[in-house]
Amino acid sequence: MLKNKTIGSTLIIAGTTIGAGMLALPIASAGLGFTTAIIVLLLAWCLMTYTALLMLEVHQHADTSATLNTLAKSLLGKKGQVVANFSMIFLFYALCAAYIAGGGSQLQIKLSQWFSADIPPQLGAIAFAIVFGSIITLGTSTVDKVNRILFTVKILVLLTMFFMLTPFVRGQHLLEMPLEQGFILSALPVIFTSFGFHGSIPSIVKYVGIDIKSLRRVMIIGASLPLVIYLFWQLLSQGIMAQDQLMASGGLGGFISSVSEKLNQPNISQAVAIFADLALATSFLGVSLGLFDFFSDALKKGDGKSDRVKTATITFLPPLCFALFYPQGFITALGYAAIALVILAVFLPVAMVWKQRKHRQYTQDCYQVKGGNLGLMSATCAGVAIITAQCLQMFGVIPAVG
Ligand SMILES: N[C@@H](Cc1ccccc1)C(=O)O
C-alpha cells in the first residue's frame with residue numbers, strides 16, 4: 001500500500017513540475033548554448049532537490065497535516081506566516097497568468113484556423129480561462145478525472161514527440177557557446193521555475209505519512225524525472241535549431257511554428273503543439289485547483305454553487321486581466337513567478353531549518369540534510385542571484401528572454 005502511495009506521490013511531484021516551464025525552456029535558454037544550459041539545469045535541480053529535503057527535515061517534527069501556513073507560523077511566527085501566504089498567492093497568480101497567456105495564444109491560433117478569421121489573442125485567453133475555470137468550479141473529482149486522462153495522453157505524446165524529433169538533431173548546433181554572458185543571468189528565473197513543485201510537499205507528506213525514508217525517495221526521484229526529460233528536451237530543441245533561429249522565434253507559438261518551418265513535417269509540429277497544449281492544461285488544472293482551495297479555505301467559502309462561482313472569480317479574474325493586457329506575457333509571467341518561488345521554495349525552508357536546528361536537540365534518529373550551514377548559505381545566495389536576475393531584467397539592465 002505504502003509502495004503504491006510512494007509511486008503515486010512521485011508521479012504527482014513529477015507531474016506538477018513538468019509544465020509550462022518546460023515549454024519555456026528552449027526559448028529561455030536559446031542564447032546559452034547547449035553545454036551552459038545543461039550546467040544551469042543541473043544547478044537548478046540541485047537547489048530544488050536540496051530545499052525539498054529541507055522541507056522534509058522541517059516536516060519530521062510537525063503534525064502530518066501541517067501546511068506551509070502552520071509550519072511558518074510555528075517556526076517563524078506571525079511575520080513568517082504572512083510572508084508564506086503572500087508568496088503562495090503571488091506564485092499561484094503568476095503561474096495562472098502564464099498559463100492563461102500561453103494557453104490563450106495557442107487557442108487563438110487554433111480558433112483563427114478553424115474559423116479562417118483574424119481572432120484577437122485576448123479572445124483566446126478568455127475562452128481558455130472559461131473552459132478550465134468551469135472544470136475547476138465543477139469540483140475536485142471532475143478535475144481528477146480530466147487530469148488523469150490528460151496526463152496519460154501528455155506522457156504518450158511526449159514520448160512520440162521525442163522519438164520523432166531525434167533524427168533531426170545536428171551535432172554542430174550543440175557546440176554553440178553563449179551568445180552573450182548576460183543571457184545566462186536572464187535564463188535563471190525561468191529555468192529555476194521549471195523545477196518548482198514545492199507547494200505540493202505538505203499534501204504529499206499528509207498522503208504518505210511521516211516516513212522520511214519513503215518521502216526522501218519521493219522527492220529525489222520526483223525531481224529527477226523532470227531533470228531527465230528536460231535534458232532530452234534541451235538536446236532536441238537546441239540540436240534541431242541554431243541559437244539565432246531559436247532566439248528569433250519569440251514566444252511559445254513562435255517556437256512551435258519555427259519547429260514546423262524548419263522540419264517541414266506537419267506531423268511533428270502537430271505533436272509538439274499537442275504536447276504544449278496538454279502540458280499547459282495539466283499544470284493549469286493542478287495549480288489553479290491549489291489556488292481555488294486556498295481561497296475557499298482562507299475566505300471560509302462553502303461548497304455551494306454560488307460560493308464556488310465567487311471563489312472562481314477571485315481565482316481566475318486577476319490572472320485573466322494580466323493575460324488580456326499582456327497576451328504575449330507567457331514567459332514574463334513565469335519570470336515573476338520565480339520571485340515568489342524563491343521565497344517559498346528557498347528562503348522559507350532555509351529559515352525554518354535554521355531556526356529548528358538552533359532550537360531543537362537533534363537525536364541520532366532525527367533526519368538532517370547534509371551540507372550544514374554552508375549548504376544553507378549557498379542556497380540563500382542562489383536565491384538572491386535568481387531574484388536579482390529577474391529584477392535586472394525587469395529594469396532592462398540585462399536582455400529579457402521570451
Ligand atoms: N514547475 C512548474 C511551475 C510550478 C512552480 C511551483 C509550483 C508549482 C508549479 C512548471 O514548469 O510549470
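Bear in mind that the values in this text are calculations on the coordinates, not laboratory data. Source: prediction; values computed, not measured. Please note: Cβ atoms are built from the backbone with ideal geometry, for glycine as well, and neighbour counts cover all protein chains shown.
Each Lys and Arg contributes +1 and each Asp and Glu -1, all at the Cβ; summed about the Cα centre of the stretch 58-202, the dipole is approximately 320 debye. Give the shape of the stretch 249-402 as rounded, prolate or oblate, defined through the alpha-carbon gyration tensor: a ≥ b ≥ c are the square roots of its eigenvalues, a/c under 1.5 means rounded, and otherwise the shape is prolate if a/b is larger than b/c and oblate if not. Verdict is oblate for the stretch 249-402.
What the Cβ-Cβ distance of residue 177 and residue 274 gives, at R0 = 30 Å and to the nearest 0.05, is a FRET efficiency of 0.35. Please check which bits of the stretch 125-141 a label hung off residue 305 would reach, taking the label as a point 7 Å along Cα-to-C-beta and the cut-off as backbone N under 17 Å. Under cut-off, by backbone N: 134-140. Using Cα positions and a limit of under 19 Å, work out the lysines in reach of residue 310, with same-chain residues fewer than 8 apart set aside. Once the sequence-local lysines are set aside, what remains near residue 310 is 300, 301. Cβ-to-Cβ counts within 10 Å put 61, 173, 198, 359 in ascending order as 359, 61, 173, 198, the fewest first.
Give the lysines reachable from residue 145 as a straight Cα distance under 16 Å; neighbours fewer than 8 places away on the same chain don't count. Cross-link targets: 154. Applying the criteria of a DSSP loop state and at most 14 other Cβ atoms within 10 Å to the chymotrypsin sites (Phe, Trp or Tyr not before Pro) of the stretch 325-385 yields 362. Using θ = phi - 60° in the Karplus curve 6.51 cos²θ - 1.76 cosθ + 1.60, the 3J(HN,Hα) couplings for the stretch 190-207 round to 5, 4, 4, 4, 5, 9, x, 7, 5, x, 8, 4, x, 5, 5, 4, 5, 6 Hz; x is entered for Gly and Pro.
For the chain, adding -39500 (n - 2.57) for each run of n ≥ 4 DSSP H residues and dividing by the number of residues yields -27000 deg cm²/dmol at 222 nm.
Work out the length of the dipole vector of the chain about its Cα centre, built from +1 on the beta-carbon of each Lys and Arg and -1 on the beta-carbon of each Asp and Glu, and round it to the nearest 20 debye. Around 1180 debye, computed over the chain. What's log10 of I(q)/I(0) for the chain at q = 0.06 Å⁻¹, Debye sum over Cα points only, no solvent? Rounded to two decimals, the profile gives -0.23.
Modelled label positions at residue 326 and residue 221, each set 7 Å beyond Cα in the direction of Cβ, lie 3.8 nm from each other. Each Cα pair under 8 Å and six or more residues apart adds its separation to the average, and for the stretch 2-394 the resulting relative contact order is 39 percent. Scaled against the 2.2 N^0.38 Å expected of a compact globular protein of N residues, the Cα radius of gyration of the stretch 268-314 reads 1.58. Comparing 165, 194, 356 along the charge dipole axis of the chain, the residue lying farthest to the positive side is 356, per the Cβ-charge model. Positive end of the dipole of the chain (Cβ unit charges, origin at the Cα centre): among 289, 75, 103, the Cα lying farthest that way belongs to 75.
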